[in-house]
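Only one structure is covered here, and it is reproduced in the block below.
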């Protein structure tokens, strides 16, 4: 069930100044249709708790134009980074892709793995083609 | 066993009673008691009374008993039931021997001898009008027959007279009331006690007549007969016509407050297309006068005659814009939302006061001025009771997913001409569908 | 990793971000190609703006005419005002009319954004789709907003205009604007609307839907202007905010015959003369610039028509008929004065 009422994007005003802060995803949306809010909140809190502040959103579902949409409030992200908030790996990856952070090593690893898989598949396809050609020639 | 024996004795002891099963009876007499004991226990006797309610009384009084109510019953209000159920004497008009097939029965429907000739029983040509005549006779038996009115002719509620139209007033000499329409506002029975007659009943009719173009009049008519009451009221109303000024032929000149006795009315001027939002009697009045847009709130007593009188007083006490400006010695300026609150000068007095001559204590606000300083009570609309319940919260949460569904559907239809999205090609099994069982059924029927 | 990021953050704040947010400077640089003449500096010239506003001939009743915007009506309100208060109200209404008549800018078509921020071949095939990043920082205009796209081949570039339109509308929706342009701007429906003389409606909707430098907006507005000119329906657009841009369009394209003809036929000689001035401001190299205006408007117009108009015969005939009409009127006025014994 959706959380009602939705927490305001400017935050709930309840901030624990001594707790460790993280910039992380919070899953909204419904079954089979994820949608993420990018929020800053205390590290010990569960994702269903009211966040300190919303910093953006991430729609992981590809849209008509073959895009994944990410929104960042860079001003507030800079503020919270300055206050010592730490982004989670996935958020850091997105910030890297946006050109705000250096590219996250995990992004490079993923890209490399995908390339390797693509090459493998391409090689397999090529082999299969050659085999079929040979088969047609022999017959 | 004892009871069986007893029954058997009873059978023997009452031999006079008629036995229905003759065969059985014969066996009884011939074979005697022993055989009778051995027979099955099917009831063998049936008590038949030769005299009954039906053959004691003649047909006429039997029918009377069904179709009419005694005087005592009439007093207790049972006669109403007879009229409602429409019980008719079906025997009227029927003659023994004459039926659907037109047979001639000598001795019954015709003499046996005609001159010296013996009449034979034979079939005559059928009478096609017989059935229709019978039905007509039966229909004529019911005294009052309700005619079904069309929804337009119908009044405010049910078969009551209130709000119903009774046509234009009767012409006086050569003056006809063309384009006039009369509507009944109140129709009731009134009584008074007299010395020698006791309770004397009369019908009272309160009607309004008008031409829908500013001319209208209302009157009260009383008579013993309801028709006469309506007629007198109608013709009296025609004698009391009043001309009422309107704004652009659609609404009142300005807001006003009016009062008659304890009945107070707040009338608000409205924009074109607003309609009549008011008491039904005021609505009928407005329709007859020709006012199309108006809001009115009745406070205090809702005595109908008082409402009408108060409303007419208010209408007559309206002032034209020029008069208002002249009285106040200030410009009267109109602001309309559709014109983006552009100040339109409506009336200017011959001599305008300057700021120095406008007292700080006088009423400058137009609405307050025309309402005579009265304020309409606007009740706060409270939220419905169920919004406090937990189930409402749960429902709201469930509905949250569907909040944009209709818009998405519209967008899909606008873009693709059907319910589909760009994902439908990839996942055809998840094609969006309307939950419309009727269409589903028709689709199945088509497939078959 | 996180330690590194935190240190990096201070660096980023000082160096990168100032250039990060300002997008306008970058976008204006891109749009300069220099192949066509740019109407913007001329259109925003104060003298020309004043001329256009004068020629619009503000009629307050028309400016504040009932709008068909689907809003709930309200009962009218009334006020008792003194003369001074009434004047004040009229003055504020006039000011309101000025804002309502603010002309949509006439600018050059924008050119496509092609700037690449960085290329990282090591990120190739990170994903099969684009990642679009929008800066939703509070208080940045749609025009200045930073929107970047990471493509599957590892290229990070600025978003194209269409993408910008989409994303701005998604994150900061403008009421009335739609992500997909309404079908009324398609050829067949537009044609129908123009046949019904709904010029004002089409232009207003186009203003709402498109940016003024959008090629689509320029195409639609120019089409409407040309049809208005063809049918001489100037009266419909007069006293609306689109009349100025239309005059500018006509003077820019030297398509002045119909307007002058209409002005002379409806006896708006002053307007015709003002329009010739506007024409000279926009086309300073025209041959008629040297014609001196010596008090007589008709004479001046005749000479102007001789040197500039494409269809001289028609215009000259109109001027002649106007002259004759004027003469007749004068004689009639004289006669009336005589009859009254005023002389």
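No lab work stands behind these numbers, since they all come straight from the coordinates. The model shown is predicted, which means the values in this text are computed figures rather than measured ones. When we count neighbours, we look across all protein chains shown, and the Cβ atoms used for this are built from the backbone with ideal geometry, even at glycine.
Helical content alone sets the calculated 222 nm signal of chain C at -17000 deg cm²/dmol, taking -39,500 (n - 2.57) per DSSP H segment of four or more residues and averaging over every residue.
What does the structure give for B:327-337 when I average, per residue, the other chain Cβ atoms found within 10 Å of the residue Cβ? Walk me through the numbers before you get to the answer.
Numbers: counts 0, 1, 2, 7, 8, 4, 9, 4, 7, 7, 9.
Going residue by residue through B:327-337 and averaging, the value is 5.
Per-residue mean of foreign Cβ neighbours for A:93-100 is 6 (Cβ atoms of other chains, 10 Å radius). In vacuum, with every alpha carbon of the stretch B:316-448 counted as one equal point scatterer, what does the Debye formula give for log10 I(q)/I(0) at q = 0.09, 0.22 Å⁻¹? Two decimals, please. Result of the Debye calculation: -0.68, -1.36. Once you order the gyration tensor axes a ≥ b ≥ c over the Cα atoms, which shape class does chain B get: rounded for a/c under 1.5, otherwise prolate or oblate by comparing a/b with b/c? Cα axes put chain B in the prolate bin.
Spread over its residues, the convex hull of the C-alpha atoms of the protein assembly as shown is 629 Å³ per residue.
Taking every residue in B:349-355, how many Cβ atoms of other protein chains lie within 10 Å of its Cβ, on average? Mind dumping the intermediate values first?
On the way: counts 0, 0, 0, 5, 3, 3, 4.
Whole-number average of other-chain Cβ neighbours for B:349-355 is 2.
Projected onto its three principal axes, the C-alpha set of chain A covers 77, 35, 27 Å, listed from the longest axis down. Highest mean packing comes first when the peptides C:208-215, B:229-236 are listed by Cβ atoms within 10 Å, giving B:229-236, C:208-215. Put simply, when A:60-67, C:335-342 are sorted by average Cβ atoms within 10 angstrom per residue, most first, you get A:60-67, C:335-342.
For the stretch B:256-370, the convex hull spanned by the alpha carbon atoms encloses 125 Å³ per residue.
In the frame of its principal axes, the stretch B:175-214 has Cα extents of 47, 21, 11 Å, reported largest first.
May I ask for the percentage of alpha-carbon pairs in chain C that lie more than 24 Å from each other? Value for chain C (Cα pairs over 24 Å): 69 percent. Separation of the stretch A:76-139 from the stretch B:201-278 is 83 Å, based on Cα centroids.
Could you work out the helix-only [θ] at 222 nm for chain B, with each DSSP H run of four or more residues adding -39,500 (n - 2.57) and the total divided by the number of residues, to the nearest 500 deg cm²/dmol?
Details: 15 runs with 149 residues, N = 448.
About -9500 deg cm²/dmol.
Using the Kirkwood radius over Cα pairs, work out the Stokes-Einstein diffusion coefficient for the stretch B:121-225 at 25 °C and 0.890 mPa s, in µm²/s as a whole number.
Values: Rh = 18.2 Å.
After rounding, the answer is 135 µm²/s.
Between residue B:397 and residue B:114, the simple label model (points 7 Å from Cα in the Cβ direction) yields a spacing of 9.6 nm.
With coordinates expressed along the principal axes, the C-alpha atoms belonging to the stretch B:88-145 extend over 52, 18, 14 Å, beginning with the largest.
First check a/c for the stretch B:50-180, with a ≥ b ≥ c the square roots of the eigenvalues of its C-alpha gyration tensor; if it is under 1.5, answer rounded, and if not, answer prolate when a/b is larger than b/c or oblate otherwise. It would help to have the intermediate numbers written out before the result.
Numbers: a/c = 3.69, a/b = 1.80, b/c = 2.05.
Since a/c reaches 1.5 but b/c is at least a/b, the shape of the stretch B:50-180 is classed as oblate.
Pairwise inverse Cα distances across the stretch B:371-418, averaged and inverted, put the Kirkwood hydrodynamic radius at 15.0 Å.
Using only Cα atoms, what Kirkwood radius does the stretch B:156-287 have, in angstroms? If you can, show how the numbers build up before the last one.
Numbers: mean 1/r = 0.0611 Å⁻¹.
Final number for the Kirkwood radius of the stretch B:156-287 is 16.4 Å.
Over what distance in Å are the Cα centres of the stretch A:44-64 and the stretch C:210-288 separated? Centre-to-centre (Cα) distance: 53 Å.
Cα centroids of the stretch B:353-416 and the stretch B:85-129: 79 Å apart. Evaluating kT/(6 pi eta Rh) at 10 °C and 1.306 mPa s, with the Kirkwood radius of the stretch A:21-103 over Cα pairs in the Stokes-Einstein relation, gives 121 µm² s⁻¹.
Please grab the % of Cα pairs in the stretch C:254-343 that end up more than 18 Å from each other.
The calculated P(r) of the stretch C:254-343 puts 48 percent of pairs beyond 18 Å.
Classify the stretch C:64-179 as rounded, prolate or oblate, taking a ≥ b ≥ c as the square roots of the eigenvalues of its Cα gyration tensor: rounded when a/c is under 1.5, otherwise prolate if a/b is larger than b/c and oblate if not. Note, shape of the stretch C:64-179 comes out prolate. Using a Gaussian network model of chain C in which every pair of alpha carbons under 10 angstrom is joined by a spring, one finds that among C:172, C:80, C:248 the greatest mean-square fluctuation is at C:80.
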